Amino acid sequence: MNYLAYANETLSLYSLAINRLNQNLSESFNQAVDMILACEGRIVVAGIGKSGLVGKKMVATFASTGTPSFFLHPTEAFHGDLGMLKPIDVVILISYSGETDDVNKLIPSLKNFGNTIIAMTGNPHSTLGRHADVVLDISIEREACPNNLAPTTSSLVTMALGDTLAIALIKARDFKAEDFARFHPGGSLGRKLLCRVKDVMQRKLPITSPDSYFSDYLTVMNDGRMGVAIVMENNQLLGIITDGDIRRTLAKFGADSLNKTAAEIMTRQPKTILDTTFLAHAESLMKEKHIHSLIAVDEQGNVSGIVEFAS
């Protein structure tokens, strides 16, 4: 059986649905973004079933990109969770049919509280659509499900629209990578953007003198396990010897390489970086210069460490 044919058909339906969503976007999208930007509280997203799962993803994206948000389960809302709402919150209700009972039962309470309602529905003329302040159209021609029942295409379109809102908000707020890192301190991006060179640099340095010979500085490089030797004299940085320097020396001089001093083969005036620099900038510099090790210096210009970049 050719399952690839099913995959191709599904992805084609998805592509058509995204194009339809793009065509259906209207001034209501701008209104929704403006409402969220003007919100003095939080963005509250509510939905049932697959819509609820997509809503939780929307909340996670909003929260991590500078829009305080939380998910409200419509059923739990009637058992005390409505107490989490404040009148200044903007509520996004998700229901493809616009007639989901548990979702629509929230509307009177939200109106009573004074919350602004943004509806994401495939039927703008539904109960939800008629009572919302702004309606975002997520209508599709059909689900990818062969029976046209399981939420598939509709879930994709809903998620795409949620991401589209998030991207618009990122642009409007000029939300930078550094801002993103503040909400992701445990991830690799947070580490790079929040950590400074001095936080991660190797302080035990593989140092050799300029008059040392091949076997000596090669031993320093092997013991340091960083593939480099820093050439210094009287605490002054003179150069660096890398694996590349060793290979070039061997290729050029062969056995006579054993007689070459560090001063003869080192790379003079090696790239350095201030140890208070953010790690992200250090890695960018190493990528730009195609180097895997960078010597760190303090504010007085003294060598303080070395940072590696794993490409």
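Yes/no per residue for (1) open to solvent by 20 Å² or more (accessible area, probe 1.4 Å); (2) among the hydrophobic types (A, V, I, L, M, F, W, C):
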| site | (1), (2) |
| --- | --- |
| 199 | yes, no |
| 223 | yes, no |
| 237 | yes, yes |
| 241 | no, yes |
| 252 | yes, no |
| 260 | yes, no |
| 263 | yes, yes |
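Go through segment 123-138 and give me each residue that's part of a helix (DSSP H, G or I) and either among the basic types (Lys, Arg) or within 18 Å of residue 23 (Cβ to Cβ) (or both).
Residue satisfying the conditions is 130 alone.
Return yes when residue 245 is more than 14 Å from residue 305 (Cα to Cα) and open to solvent by 70 Å² or more (accessible area, probe 1.4 Å) and no when it is not. Full working, then the answer.
Numbers: more than 14 Å from residue 305 (Cα to Cα): yes; open to solvent by 70 Å² or more (accessible area, probe 1.4 Å): no.
The answer is no for residue 245.
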Identify, by number, the condition in (1) within 27 Å of the chain's Cα centre (by Cα); (2) not in a loop (DSSP other than H, G, I, E, B) that residue 41 doesn't meet. (2)
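Which one is nearest to residue 57 (Cα to Cα) among residues in segment 122-159 that are hydrophobic (A, V, I, L, M, F, W, C) and open to solvent by 30 Å² or more (accessible area, probe 1.4 Å)? Full working, then the answer.
From segment 122-159, those hydrophobic (A, V, I, L, M, F, W, C) are 128, 132, 134-136, 138, 140, 144-145, 149-150, 156-157, 159; that's our starting set.
Imposing the further condition that a residue be open to solvent by 30 Å² or more (accessible area, probe 1.4 Å) reduces the set to 135, 149-150, 156, 159.
On the way: 135: 20, 149: 22, 150: 19, 156: 12, 159: 8 Å.
Looking at residues that are hydrophobic (A, V, I, L, M, F, W, C) and open to solvent by 30 Å² or more (accessible area, probe 1.4 Å), I get 159.
If only one of 231, 297, 307 is in contact with a strand residue (DSSP E or B) (Cβ under 8 Å, 6 or more places away or on another chain) and open to solvent by 10 Å² or more (accessible area, probe 1.4 Å), which one is it?
That would be 297, the only listed residue that is in contact with a strand residue (DSSP E or B) (Cβ under 8 Å, 6 or more places away or on another chain) and open to solvent by 10 Å² or more (accessible area, probe 1.4 Å).
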In segment 25-53, how many are in contact with a strand residue (DSSP E or B) (Cβ under 7 Å, 6 or more places away or on another chain) and buried (at least 17 other Cβ atoms within 10 Å of the Cβ)? 13
Considering only segment 139-235, give the helices (runs of 4 or more DSSP H) lying wholly within it that have at least 1 residues that are within 25 Å of residue 98 (Cβ to Cβ) and at pLDDT 85 or above. 153-173
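Which of the residues that make up segment 203-221 are closer than 16 Å to residue 295 by Cβ and exposed (fewer than 14 other Cβ atoms within 10 Å of the Cβ)? So that I can check it myself, show each step before the final result.
Taking segment 203-221 as the starting set, the residues that turn out to be closer than 16 Å to residue 295 by Cβ are 203-208, 210, 217, 220-221.
203, 204, listed by residue number.
The values are calculated or read from the model by the stated rules, or taken from the named source; none is laboratory data. If you're wondering where the values come from, they're calculated on a predicted model, not measured in any experiment. Positions of Cβ are generated from backbone atoms using ideal geometry, with glycine treated the same way; all protein chains shown enter the neighbour counts. Ligands, DNA and RNA are excluded from the accessible area calculation, which covers all protein heavy atoms including side chains. Shrake-Rupley method; radii C 1.70, N 1.55, O 1.52, S 1.80 Å.
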